[in-house]
Amino acid sequence: MGGNRKLPFATLIGAALAAIALGGVFVGWRASRALHQSAQEVHSEREIRFQVRPFLPPGNVSFEAVSSPDVFLRAGRFQNHLYIAGPAGLSEYDVGGILLRQFEVGRELPSSPLVDMAVGTLGDSAEPELILGTAAEGILAFDGRRFRQIYAADAEARSITAILPVSAGHLLIGTKRRGVLLYDGKQIRELHPTLSNLYVQVLAGSEVDLWVGTLSQGVLHWHAGTSESFGEEQGLPDRQVQAIALAGDKSYVGTPVGVAEFDRGRFSRVLRAGLLVTSILVNGDDLLVGTEDQGVVRVPLAARRPSLNAQGATKLAEVQRFLGTADGVYVLTRNGLFELPAHGFGWREVLKPRPAVLSDRNISALAADKDGQLWIGYFDRGLDLLPSASTRVLHVENEHVFCVNRIWPDAKSGTVAVATANGLIRMGASGSQEQVLTRADGLIADHVTDVAPYHDGLAIATPAGLTFLDSNGARSMYAFHGLVNNHVYALGVSGDDLMVGTLGGLSEIGRGEIRTNYTAGASGLKQNWITAVVPVGDEWMVGTYGSGIMGLDRAGRFHAFEKATAEVEINPNAMLVTARLVLAGTLGDGLYVYDREKGRWSVIHEGLPSLNVTALAESKGYIYVGTDNGLARIQEPRLQP
């Protein structure tokens with residue numbers, strides 16, 4: 001019975017083989033587990049966290065909208081009513097064209113323009129809903145009574161460009177950066193890696209046979225588990241895709257320079273080269289092509305027949321979308337809804353937008369003159385003059401008064417300096433154009449980004465440097481003279497001190513000479529790209545593109561603000577100082593408000609027509625807030641940081 005008894009050789013061999021087998025199982029288990037974990041991680045990376053929640057409008061919206069033109073963007077039938085969506089919100093009409101309800105962005109809807117609309121039954125709903133895509137606040141679903149919001153945690157997944165309900169309750173979602181996403185009622189995920197990292201313009205088809213039109217990467221055809229890409233090299237007229245229509249084995253892809261036809265997924269031919277296409281509809285043997293500037297063009301699909309203009313006597317401009325019905329075809333333009341009866345000729349106007357006070361929605365500059373008249377500059381539509389206590393504007397737009405960057409009223413002379421992409425314009429209080437200054441008159445560049453009073457003249461900012469204009473004439477300053485960067489965005493003035501915000505940092509000028517340059521590498525400044533500078537008490541507040549707002553004291557020391565010094569872009573010259581507040585407009589993060597007495601920042605999202613706040617002004621006790629989607633105002637005491 002000794003404890004040192006040796007085991008038979010065969011037993012030892014068996015044990016060794018068993019150990020090897022067990023080790024192989026263990027290794028295999030570890031490998032399998034690693035593969036499973038890796039698959040889970042990949043799946044997790046493709047999934048996007050989100051929540052579905054009822055959308056409840058804010059209870060007390062203190063902002064008042066200043067009426068801007070409605071823009072018709074999408075139209076559709078839902079529950080026997082006609083709905084029209086656009087940047088301003090959603091409008092509901094009965095079958096006779098009577099307006100029943102309106103849901104405005106910033107009030108009944110989130111503070112984000114609507115960009116797309118469709119009707120479908122989603123996987124987490126038992127009935128059809130009106131599905132709305134927003135520019136920055138994800139997806140809204142409306143059952144006719146209330147809205148719910150599908151809100152992704154990732155801001156890029158909330159930046160919607162197109163939506164397409166497909167089978168099994170799924171929703172395909174086009175985005176600006178994340179490409180094509182799929183929502184199935186339980187999760188949001190990338191549809192496929194080959195369709196990620198795209199700026200999607202339009203979607204057509206299904207989740208197994210999908211055409212994806214992009215902003216600059218042509219059209220992609222997703223089918224059989226893979227994607228084929230078509231650009232100009234493969235016959236597409238242009239890499240920017242505006243519209244897609246499908247009919248049987250044929251696919252039609254519209255671009256700014258014509259329509260490409262695909263047959264069974266292969267490029268076939270170009271139809272009507274030269275058309276600036278915005279929308280497409282296959283209508284029998286014809287292709288109806290909506291355009292930006294030529295109305296609707298009927299393109300026969302049989303090559304022997306000539307193309308015809310289908311718009312009849314009615315001029316259709318800026319066509320947005322077609323709707324085919326049993327009764328005929330509807331075309332939605334930026335400014336109206338028109339019908340072509342099934343057996344009729346010519347387009348009949350069905351709806352048109354409501355009258356508006358302002359001339360446009362995309363605001364770039366605001367100022368109030370000494371009489372309280374509000375000057376409203378637009379990104380590409382000149383400017384409006386809105387007298388105090390009036391609802392009628394004077395619109396000024398010409399080759400110089402077009403793209404407005406800054407407005408500065410001179411209380412002494414009563415004139416107004418308007419900085420534009422085509423020069424500096426001096427205007428009278430009535431809107432008369434008195435003088436146009438360009439490079440020919442001594443400016444260092446035609447493009448003027450900002451203007452401010454300095455000593456007995458003006459400091460004029462341009463992308464090529466500074467020009468000082470006074471009684472002695474014009475003289476310029478740029479990097480050769482020590483300016484931190486030639487590209488000047490913003491000017492701030494306090495007595496003899498002139499702060500110059502540029503693409504490469506901040507320059508301090510005193511009595512016409514550069515005193516100090518501040519850059520991110522040599523000071524406490526967190527970001528070189530300076531977009532706004534304002535004096536506040538005995539310091540400066542500096543707006544940046546990417547690091548929010550910083551303070552600069554008179555000793556040249558920068559300091560951060562709680563909440564306001566963050567990864568936020570302050571829009572060019574979108575800062576305003578009042579006796580009580582400092583306000584700053586951001587690119588996509590709403591309005592920042594600083595209580596000067598309490599020394600505290602807060603952020604306002606609710607009530608704004610857009611979270612992209614581009615301009616600010618004060619007049620008659622009101623704060624005016626300009627955005628890329630309209631104008632709102634609020635009594636200053638009601639702004640509670």
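Annotations for the structure displayed:
- Listed by position, the strands (runs of 3 or more DSSP E) contained in segment 374-426 that have at least 1 residues being among the small types (Gly, Ala, Ser) are 374-378, 416-420.
- Of residues in segment 296-325 being within 22 Å of residue 251 (Cα to Cα) and part of a loop (DSSP other than H, G, I, E, B), the one modelled with the highest pLDDT: 301
- Filter result for residue 396 (touching a residue at least 40 places away in the same chain (Cβ under 8 Å) and buried (at least 19 other Cβ atoms within 10 Å of the Cβ)): no
- Residue that is within 26 Å of the chain's Cα centre (by Cα) and of a type in the set (Val, Ile, Thr), where the choices are 542, 493: 542
- Matching option when the condition is of a type in the set (A, V, I, L, M, F, W, C) and either assigned to a loop (DSSP other than H, G, I, E, B) or surrounded by fewer than 23 Cβ atoms within 10 Å (Cβ to Cβ) (or both), among 287, 275: 275
- Qualifying residue in segment 239-260 (condition: surrounded by fewer than 22 Cβ atoms within 10 Å (Cβ to Cβ), farther than 21 Å from residue 302 by Cβ and in contact with a helix residue (DSSP H, G or I) (Cβ under 7 Å, 6 or more places away or on another chain)): yes
- Hey, residue 545 in contact with a Pro (Cβ under 9 Å, 6 or more places away or on another chain), among the aromatic types (Phe, Trp, Tyr) and surrounded by fewer than 24 Cβ atoms within 10 Å (Cβ to Cβ) or not: yes
- Restricting segment 561-595 to residues that are under 16 Å from the mean Cα position of the chain (by Cα) and among the β-branched types (Val, Ile, Thr) leaves a set whose member that is surrounded by the most Cβ atoms within 10 Å (Cβ to Cβ) is 570.
- Filter result (surrounded by fewer than 22 Cβ atoms within 10 Å (Cβ to Cβ) and over 20 Å from the mean Cα position of the chain (by Cα)) within segment 143-176: 143, 144, 145, 146, 147, 148, 165, 166, 167, 168, 169, 170
- Test: residue 267 is touching a helix residue (DSSP H, G or I) at 6+ places or on another chain (Cβ under 7 Å) and either modelled with pLDDT under 95 or part of a strand (DSSP E or B) (or both): yes
- Index of the failed condition, residue 505 passing every other in (1) buried (at least 16 other Cβ atoms within 10 Å of the Cβ); (2) free of Cβ contacts under 8 Å to residues at least 24 places away in the same chain; (3) at positive phi: (2)
- The sole residue among 413, 388 that is free of Cβ contacts under 8 Å to residues at least 12 places away in the same chain and of a type outside the set (A, V, I, L, M, F, W, C) is 413.
- In summary, strands (runs of 3 or more DSSP E) completely within segment 155-232 and bearing 1 or more residues that are among the polar types (S, T, N, Q) and touching a residue at least 24 places away in the same chain (Cβ under 8 Å) occur at 160-165, 171-175, 200-205, 209-214, 226-230.
- Against the list (1) under 25 Å from residue 321 (Cα atoms); (2) at pLDDT 95 or above, the condition residue 207 fails is (2).
- Per the listing 224, 168, the residue uniquely out of contact with any Asp or Glu (no Cβ under 7 Å at 6 or more places or on another chain) and assigned by TED's automatic domain parsing to the domain that holds residue 137 is 168.
- When residues of segment 492-524 are limited to those that are out of contact with any strand residue (DSSP E or B) (no Cβ under 8 Å at 6 or more places or on another chain) and not in a strand (DSSP E or B), the one farthest from residue 479 (Cα to Cα): 495
Conditions (1) in the same structural domain as residue 61 (by TED's automatic domain parsing); (2) out of contact with any Pro (no Cβ under 6 Å at 6 or more places or on another chain); (3) assigned to a strand (DSSP E or B); (4) under 15 Å from residue 539 (Cβ atoms), marked per residue:
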| residue | (1), (2), (3), (4) |
| --- | --- |
| 565 | no, yes, no, yes |
| 570 | no, yes, yes, no |
| 576 | no, yes, yes, no |
| 586 | no, yes, yes, no |
| 589 | no, yes, no, no |
| 592 | no, yes, yes, no |
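- Residue satisfying condition, being assigned by TED's automatic domain parsing to the domain that holds residue 617 and farther than 21 Å from residue 499 by Cβ, within set 446, 456: 446
- Identification of strands (runs of 3 or more DSSP E) wholly contained in segment 435-491 with 3 or more residues that are closer than 16 Å to residue 415 by Cβ and either at pLDDT 95 or above or not hydroxyl-bearing (Ser, Thr, Tyr) (or both) yields 450-454, 457-462.
- Residue within segment 478-485 that is among the small types (Gly, Ala, Ser) and under 13 Å from residue 448 (Cα atoms) present: no
Conditions (1) closer than 21 Å to residue 379 by Cβ; (2) at pLDDT 95 or above, marked per residue:
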residue: 596; (1), (2): no, yes
residue: 601; (1), (2): no, yes
residue: 606; (1), (2): no, no
residue: 612; (1), (2): yes, yes
residue: 615; (1), (2): yes, yes
residue: 629; (1), (2): yes, yes
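- Unmet criterion (only one of (1) crowded, with 18+ Cβ neighbours inside 10 Å; (2) within 23 Å of residue 574 (Cβ to Cβ)) for residue 411: (1)
- Condition check for residue 606: touching a Pro at 6+ places or on another chain (Cβ under 6 Å) and surrounded by fewer than 19 Cβ atoms within 10 Å (Cβ to Cβ): yes
- Some residue of segment 547-560 being touching a Lys or Arg at 6+ places or on another chain (Cβ under 9 Å), touching a residue at least 24 places away in the same chain (Cβ under 8 Å) and hydroxyl-bearing (Ser, Thr, Tyr): no
The values are calculated or read from the model by the stated rules, or taken from the named source; none is laboratory data. What you see is a predicted model; the values in this text were computed from it and never measured. For neighbour counting, all protein chains shown are included, and Cβ atoms are generated from backbone atoms with ideal geometry for every residue, glycine included.
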